[in-house]
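Below is one structure, written out as structure tokens; the observations come after it.
The values are calculated or read from the model by the stated rules, or taken from the named source; none is laboratory data. Here the structure is a predicted model, which is why all the values come from computation and not from measurement. Using ideal geometry, Cβ is built from the backbone for each residue, glycine included, and neighbour counts are taken over all protein chains shown. The area values use the complete protein model at the heavy-atom level, side chains included, leaving out ligands, DNA and RNA. Shrake-Rupley method; radii C 1.70, N 1.55, O 1.52, S 1.80 Å.
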Amino acid sequence: MPGLRANGAARQVLSDFRLARTTAIDKGQRVVFEFLPGGTYQVFVDANNNGVYDAATEIMVTTVDIDGSGYYQGIAYGVAAAAIPAPTDAITTSILFRPNGSVSTEGAVYLNAGTAADLHRRVRILAATGNARTERWEGAWN
């Protein structure tokens, strides 16, 4: 089950990266993918360009509890286990998706479902294009 949760969490983050990028392009506005304390992230249209969600003026696209209860229980994001080299490209705060599809930050979101090496995933995103992909730790990221 932990491996299934790791795969599911990685696919969820990947899907929401794509949702944020598509929303930014479709609406012609900036969209923020923001990691919150407690294992939650949110995606919102940043209508006033301040990078902060304002309920009165902005559209919430989605909110996901990635390491709390439910299917993704036991998933930690933003960290890799000791068996994996410490990430230097970890994204743990926010990513801004621009109307042209590019992003403000290139790097990866690290997800793990336990200490075994095969329970680690990352979702990489490229700044120039905003494209993302999932990878699994198998002695190297593949």
Can you pull the percent of the chain's accessible area that's carbon plus sulfur, 1.4 Å probe, other chains left in place?
51 percent
Rounded to the nearest 0.05, what FRET efficiency do GLN73 and THR105 give with R0 = 30 Å and r taken as the Cβ-Cβ distance? Could you check?
0.65
Length gain on complete extension for the stretch THR57 to ARG133, per 0.36 nm per residue less the alpha carbon to alpha carbon distance?
24.2 nm
If amide H atoms are built 1.01 Å from N in the plane of the peptide, which residues on other chains or at least 5 residues away come under 5 Å of the amide H of THR129?
VAL103
Against the longest alpha carbon principal axis of the chain, how many degrees, from 0 to 90 and to the nearest 10, is the axis of helix 2-27 turned?
20 degrees
Roughly how much of VAL109 is accessible, in Å² to the nearest 10, using a 1.4 Å probe?
0 Å²
Check each of the chymotrypsin sites (Phe, Trp or Tyr not before Pro) in region 1-102 and keep only those in coil by DSSP with at most 15 other C-beta atoms within 10 angstrom; list them in order.
TYR71
What residues qualify as long-range amide H neighbours of VAL61, i.e. H under 5 Å apart, gap of 5 or more or another chain, H built at 1.01 Å from N?
VAL43, PHE44, VAL45
Before rounding to the nearest 500, sum -39500 (n - 2.57) across all DSSP H runs of length at least 4 in the chain and divide by the residue total; then give [θ] at 222 nm in deg cm²/dmol.
-6500 deg cm²/dmol
